[in-house]
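The values are calculated or read from the model by the stated rules, or taken from the named source; none is laboratory data. Note that this is a predicted model, so its numbers are computed, not measured. Neighbour counts are summed over all protein chains in view; Cβ atoms, including those assigned to glycine, are modelled from backbone coordinates with ideal geometry. The protein model used for the area step is the full one, side chains on, heavy atoms only, and it has no ligands, DNA or RNA in it. Shrake-Rupley method; radii C 1.70, N 1.55, O 1.52, S 1.80 Å.
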Amino acid sequence: MSVDVKYKTSAKATGGGRNGVAGLENGQLTVTMASPKELGGSGLGHNPEELFATGYAACYLGAMRFAAGSEKLGTVPDTATVKAEVGIGPRSDGGFGLKVTLTVSLPGLERDVAEKIVERGHFICPYSNATRGNIEVETVLA
């Protein structure tokens, strides 16, 4: 499958990776990185899992809005939320892996409509497409 790229961005990490500095090359975002205490770090900064969770939550909410509008499924309310919880830990076959739980709130929508929007959001969201078959992603409709 090919992708017709319409937008690109770039970021760079320096220092120790999980314990350094990362940011957009255009200078509009710079983040001090630090491993979480649970992984033996200081926890005095941010980590890739936090950034991934932030990006996935925003992207998936946007994908649901797009799906609802383009497929005439209804309107995603302005009060809709997506909470992305990203966990990291050792994999049974070596290395490390991620696990994601997306908790979606679509207040005011009938449950069957909300379920369809949630489902179609995964089809459209590039984060969902990138992770499908690679990491466990659980979706909870609150």
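The table below gives the values:
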{"read-out": "Residue check, ARG91 basic (Lys, Arg) and crowded, with 16+ Cβ neighbours inside 10 Å", "value": "no"}
{"read-out": "Enumeration of residues in the stretch 55-85 that are open to solvent by 30 Å² or more (accessible area, probe 1.4 Å), under 18 Å from ASN134 (Cβ atoms) and without any contact (Cβ under 8 Å) to a residue 40 or more places away in the chain", "value": "GLU85"}
{"read-out": "Verdict on PRO36 being open to solvent by 30 Å² or more (accessible area, probe 1.4 Å), within 24 Å of LYS99 (Cβ to Cβ) and of a type outside the set (Ser, Thr, Tyr)", "value": "no"}
{"read-out": "Test: residue in the stretch 64-77 that is basic (Lys, Arg), over 28 Å from GLU119 (Cβ atoms) and assigned to a loop (DSSP other than H, G, I, E, B)", "value": "no"}
{"read-out": "Test for LEU102: is it among the hydrophobic types (A, V, I, L, M, F, W, C) and either open to solvent by 70 Å² or more (accessible area, probe 1.4 Å) or under 30 Å from SER2 (Cα atoms) (or both)", "value": "yes"}
{"read-out": "Which listed residue, of GLY17, GLY43, is over 24 Å from ASN129 (Cβ atoms), free of Cβ contacts under 8 Å to residues at least 12 places away in the same chain and either assigned to a strand (DSSP E or B) or touching a helix residue (DSSP H, G or I) at 6+ places or on another chain (Cβ under 9 Å) (or both)", "value": "GLY43"}
{"read-out": "Some residue of the stretch 16-25 being of a type in the set (A, V, I, L, M, F, W, C) and under 30 Å from ASP112 (Cβ atoms)", "value": "no"}
